[in-house]
Amino acid sequence: MPGGGAVGAAPAAGFGEQGDTSSMNPRLMGVVNVTPDSFSDGGLFIDPEQAIAHGRELVEQGAEILDVGGESTRPGAEEVGAEEERRRVEPVIAGLAGKATVSVDTSKAAVAEAALAAGASIVNDVTALRGDPGMAALCAEREAGLILMHMQGDPRTMQVEPRYGDVVDDVRAFLAERVESAVAAGVAEERIWVDPGIGFGKTLEHNLELLRRLGELRELGRPLVVGTSRKSFIARIDDSPVEERLGGTIASSILAAVEGADVLRVHDVAETSQAFRVASAILG
Ligand code: HH2
């Protein structure tokens, strides 16, 4: 692990500047949910000042990227209108821009446009450009970074009997097609990162198989983002309530990084950062 591999030690960097992707040296993306109903922290940071303070704390703890979201994507979540979503994220992004690289977790072009104007530089689209026909052109024109995530179905229905042939092959083919489509729409390939979408239309076995064989997604040639933080697949293993899934989050994050994840999207930045520093020191 080069340079000791301390998460958060490198200066914040934007897309297209991804460093060594051949060893365990992931960046931490801290989650800032400005929502009343997110599955693990809904309602905690709905006030912009609280959300900004939380984001700053995550940066101090080692987050290089802050992912600001104004709509929950948990299974069964209600959709939020673009105006309300924009109202939630815009002041928070403005308050955090300059402190870290900021991504906006949205699938709506109008929200992404306001977020980019407020200082975000990355669009994290869990629909991988399938949610809004204006999103690809916006990302291309604004030269934004773009995270394309795999999801089967949509948040309202995705956990109803998800099915795959081979889950890793299917997710890889989906992401390859989505990267191609984004590039065809004018998004520079070096600005695109991909994400298997842990928990999005997947059973426990699907999630475990994806994490076990994450390395196969490296064939896509794009940096890999992985988010296991506090997700319910952990509870399917040990029946833990959402506030007691830190151990599972850290174990899965470290193993994902060993398999080649470049960015880990987590809520608990301090604890994950410490775990990576220790793992890094041991691996040498
Ligand atoms: N997971 C969540 C939301 N956005 N984006 C990417 N790229 N990858 C993920 O795994 C991912 C994501 C769900 O987590 P959270 O934001 O905490 O919950 P909610 O959607 O309920 O706000």
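Quick notes
- Condition met for Thr35 (buried (at least 20 other Cβ atoms within 10 Å of the Cβ) and assigned to a loop (DSSP other than H, G, I, E, B)): yes
- Condition check for Ala261: within 13 Å of the ligand (Cβ to nearest atom), under 19 Å from Glu271 (Cβ atoms), under 17 Å from the mean Cα position of the chain (by Cα) and in a loop (DSSP other than H, G, I, E, B): yes
- When the residues of segment 97-107 are filtered to those that are in contact (Cβ under 8 Å) with a residue 24 or more places away in the chain and either away from the ligand (no atom under 14 Å from the Cβ) or outside any loop (DSSP other than H, G, I, E, B) (or both), the one that is farthest from the chain's Cα centre (by Cα) is Lys99.
- The set of residues from segment 111-131 being under 17 Å from Glu90 (Cβ atoms) and within 16 Å of the ligand (Cβ to nearest atom) comprises Val111, Ala112, Ala115, Ala120, Ser121, Ile122, Val123, Asn124.
- Single residue of segment 174-228 satisfying the filter (surrounded by 21 or more Cβ atoms within 10 Å (Cβ to Cβ) and among the aromatic types (Phe, Trp, Tyr)) that is nearest to Gly248 (Cα to Cα): Phe200
- Residue match in segment 161-168 (condition: modelled with pLDDT of 95 or more, of a type in the set (A, V, I, L, M, F, W, C) and closer than 26 Å to Gly76 by Cα): yes
- Residue selected from segment 214-236 under the condition out of contact with any helix residue (DSSP H, G or I) (no Cβ under 7 Å at 6 or more places or on another chain) and within 20 Å of Arg74 (Cα to Cα), by the criterion nearest to the ligand (Cβ to nearest atom): Gly227
- Some residue of segment 11-22 being modelled with pLDDT under 95, over 25 Å from Arg156 (Cα atoms), surrounded by 15 or more Cβ atoms within 10 Å (Cβ to Cβ) and among the small types (Gly, Ala, Ser): yes
The values are calculated or read from the model by the stated rules, or taken from the named source; none is laboratory data. Computed from a predicted structure; not experimentally measured. No Cβ is skipped: glycine too gets one built from the backbone with ideal geometry, and neighbour counts run over all protein chains shown.
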